[in-house]
Amino acid sequence: MFYSRFLLFFISVLSFQLVFSQQGSQPVSDPNMVADSIKGSVNARTVALFGTDSLCITYHSPAVRKRIIWGGLVPFGEVWVTGAHNATTLETSAPLLIGQTEIAAGKYAFFTIPGPDKWVVIINKNWNQHLAWDYDAKEDLVRVEVTPLPAPHLERLQYFITPASGTSGSIGMRWEKLMIELPVRIK
């Protein structure tokens, strides 16, 4: 009797952990490798090292699911968390140079304002936000204009951090048939 109850308890704990992990409790490094059996967005994270310094982006990755993304689900001209749910976060262990602006080591929100021909990438002080509801432009540290580029279809939004040489590299975001890249440098 004891063993059957223990076995039942053990199986229920394992089942709970399996369901909970499939719902995105632990970030995955490649959201496009997750079976598309969940309706929600996948919790994801990408990390890169620049020498001994790290750069980390944590986000929720929505899927296209036959929807019109650009100018539809994601409106042009409005601040977007560039993911789903909470603001996408950018965390750096060392000062980061974006454009001509130096950003101290720390954790920040990564927003964009998509447009058909140009996007604005925004690094904002307030990383702890749900969607863009609490967004305040007064908290912006830097705004950089980038050009969206065509890319092969990618079902789930995904970020890439690409170290180029030494302390230079880029942050990239791809989704649907579009990508943006933001040059960065660790100081």
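The values are calculated or read from the model by the stated rules, or taken from the named source; none is laboratory data. Computed from a predicted model, the values in this text were never measured in an experiment. Heads up, the Cβs are rebuilt from the backbone with ideal geometry, glycines too, and the neighbour counts pull from every protein chain shown.
In region 112-131, the residue that is farthest from the chain's Cα centre (by Cα) out of those that are surrounded by fewer than 19 Cβ atoms within 10 Å (Cβ to Cβ) and hydrophobic (A, V, I, L, M, F, W, C) is Val120. In region 93-111, the residue that is nearest to Glu176 (Cα to Cα) out of those that are touching an Asp or Glu at 6+ places or on another chain (Cβ under 9 Å) and surrounded by 18 or more Cβ atoms within 10 Å (Cβ to Cβ) is Phe111. Being free of Cβ contacts under 8 Å to residues at least 24 places away in the same chain and out of contact with any Pro (no Cβ under 9 Å at 6 or more places or on another chain) is the filter here, so list the residues in region 66-83 that pass it. Residues satisfying the conditions are Lys66, Arg67, Ile68, Gly72. The residues in region 167-187 that are β-branched (Val, Ile, Thr), farther than 30 Å from Lys39 by Cβ and part of a strand (DSSP E or B) can be counted, and the count is 2. Among the residues making up region 15-39, none is over 23 Å from Ile171 (Cα atoms) and at pLDDT 80 or above. Number of residues in region 163-187 that are touching a strand residue (DSSP E or B) at 6+ places or on another chain (Cβ under 9 Å), surrounded by fewer than 16 Cβ atoms within 10 Å (Cβ to Cβ) and at pLDDT below 95 equals 4. Of the strands (runs of 3 or more DSSP E) lying entirely inside region 40-92, the ones with 2 or more residues being in contact with an Asp or Glu (Cβ under 8 Å, 6 or more places away or on another chain) are found at 53-61. Scanning region 41-78 for residues that are under 26 Å from Arg185 (Cα atoms), β-branched (Val, Ile, Thr) and buried (at least 19 other Cβ atoms within 10 Å of the Cβ) returns Thr46, Ile57, Thr58.
Ala164 meets the conditions (1) touching a residue at least 24 places away in the same chain (Cβ under 8 Å); (2) in a strand (DSSP E or B); (3) among the hydrophobic types (A, V, I, L, M, F, W, C) in every case but one. The failed one is (1).
Applying the selection to region 93-139, what residues are among the small types (Gly, Ala, Ser), more than 16 Å from Ser54 (Cβ to Cβ) and not in a strand (DSSP E or B)?
Gly99, Gly115, Ala132, Ala137
Looking across region 140-161, just one residue is in a loop (DSSP other than H, G, I, E, B) and surrounded by 14 or more Cβ atoms within 10 Å (Cβ to Cβ), and that is Pro148.
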